[in-house]
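Here's the structure we're looking at; comments come further down.
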Amino acid sequence: MNPVTCKSCHLLVDETDNYCRHCGRSLKPGHGFWYSHSGIILLMLVLGPFVLPLVWMSKRLGLTAKIIYSIILGLVGYYFIVACYRIFQLTQEATQLLIGGGF
């Protein structure tokens with residue numbers, strides 16, 4: 001067996017370990033907390049559609065879950081784009097009213 005070190009704490013671990021015995025970090029890519037269902041949902045609340053690459057890199061999620069998350073993230077992204085466009089339109093209308101003296 002070749003000695004393997006944890007990328008986080010740099011201590012020796014067994015090459016068959018999935019998590020470091022010393023610090024608890026995942027030793028396999030795509031297996032961290034942010035790749036789990038709860039991690040993806042938490043990150044969706046903070047980052048919105050920018051979480052999509054993490055969804056597809058996850059080795060914990062099945063294909064069906066990845067497709068469902070992708071659809072949800074697409075809808076959320078579409079909603080944000082429409083909401084931002086509507087805010088832009090309202091700002092333009094308010095500016096025209098203020099400049100044009102529409103009171």
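Order Y35, Y85 by their accessible area, 1.4 angstrom probe, all chains in place, largest first. Before the final figure, lay out the partial values.
Details: Y35 30, Y85 135 Å².
The residues order as Y85, Y35, largest area first.
Heavy atoms of the protein only, probe of 1.4 Å, neighbouring chains included. What is the accessible area of W34 in Å², nearest 10?
110 Å²
Given a 1.4 Å probe and the protein chains all in place, what does the accessible area of M57 round to, in Å² to the nearest 10?
The accessible area comes out at roughly 100 Å².
Net charge near G24, counting Lys/Arg +1 and Asp/Glu -1 over other residues with Cβ under 15 Å of its Cβ? Numbers along the way, then the final one.
Working: positive: K7, R21, R25, K28; negative: D14, D17.
Within the 15 Å Cβ shell, the charges total +2.
Please work out the FRET efficiency for the pair F88 and I41, using the Cβ-Cβ distance as r and a Förster radius of 35 Å; give the result to the nearest 0.05. Kindly include the intermediate steps, with their values, before the conclusion.
Details: r = 29 Å, r/R0 = 0.84.
My answer for the efficiency is 0.75.
Top to bottom by accessible area (1.4 Å), largest first, where do Y78, Y69 land?
On the way: Y78 150, Y69 25 Å².
Largest accessible area first, the residues go Y78, Y69.
Among K28, K59, what's the order by accessible area (1.4 angstrom probe), most exposed first? Don't jump to the answer; show the numbers that get you there.
Numbers: K28 80, K59 130 Å².
Result of the area sort, largest leading: K59, K28.
How much of the accessible area of the chain, probe 1.4 Å, is carbon plus sulfur, in whole percent?
Details: 5350 of 7760 Å².
Heavy-atom surface of the chain belonging to carbon and sulfur, 1.4 Å probe: 69 percent.
Rounded to the nearest 10 Å², what accessible area does I67 have for a 1.4 Å probe in the complete protein model?
The value for I67 is about 80 Å².
The values are calculated or read from the model by the stated rules, or taken from the named source; none is laboratory data. Here the structure is a predicted model, which means the values were calculated and not measured. Ideal geometry is used to build each Cβ from the backbone, glycine not excepted, and the neighbour counts take in all protein chains shown. For the accessible areas, the whole protein counts, side chains as well, though only heavy atoms, and no ligand, DNA or RNA atoms are used. Shrake-Rupley method; radii C 1.70, N 1.55, O 1.52, S 1.80 Å.
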